[in-house]
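One structure below.
Please treat every number below as a calculation from the coordinates, not as lab data. Being a predicted model, the structure only gives us computed values, none of them experimental. All Cβ positions, even for glycine, are placed from backbone atoms using ideal geometry, and neighbour counts span all protein chains on display.
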Amino acid sequence: MPADRLDAAAVAPAAAAHAALAPLPPRAPRSTDPFVDAGRAVVLLDTHLWGPAWIHHGPESPWIAPTLDLAVQFHRSAPACEWLLCDAVSPVAAEGLVGARASLWDIDGRLLASASGQLFCKRAPAGA
């Protein structure tokens, strides 16, 4: 096993990442629409659910995990906050299903949204 690969058994099933979604078109003013801000939260929460389980597979993993269901609770809006922190945990993964939870925080440490979801873990199609 390569020395730079983490020992999967020693790694907690959790991950955190800072993320910023640029407005479209580039350099456009950031939207203050609460529905646009909610959409940004959903995208970030959904895409970060796989991270904690993926850590155990490594960067050359042949596995993908599309979302089967996603529940999001919105606590507050922060459309002016460019950078957000998403932390996620995957407390269970078995028989092709991954359960995960995630939280989205603004730069001042306020909880913006929470999510839970279930993913279907399967081998990626050839050539993907």
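Brief remarks on what is shown
- Between V43 and S31, residue separation times 0.36 nm minus the direct Cα-Cα distance comes to 2.7 nm.
- Sequentially through the range 65-72, phi angles give Karplus couplings (6.51, -1.76, 1.60; θ = phi - 60°) of 8, x, 6, 8, 8, 9, 10, 10 Hz, Gly and Pro residues having no value and appearing as x.
- In order along the range 89-102, the phi-based Karplus estimate (6.51 cos²θ - 1.76 cosθ + 1.60, θ = phi - 60°) of 3J(HN,Hα) comes to 9, 10, x, 8, 8, 7, 6, x, 10, 10, x, 8, 10, 8 Hz; Gly and Pro are listed as x.
- Around the Cα centre of the range 28-128, unit charges on the Cβ atoms of Lys, Arg, Asp and Glu (plus for the first two, minus for the last two) sum to a dipole of about 100 debye.
- The range 105-118 - phi-based ³J(HN,Hα) in whole Hz, Karplus 6.51/-1.76/1.60, Gly and Pro as x: 10, 8, 5, 8, x, 8, 6, 9, 7, 10, 8, 9, x, 10
- Taking T32, T67 and counting other C-beta atoms within 10 Å, the order from fewest to most: T32, T67
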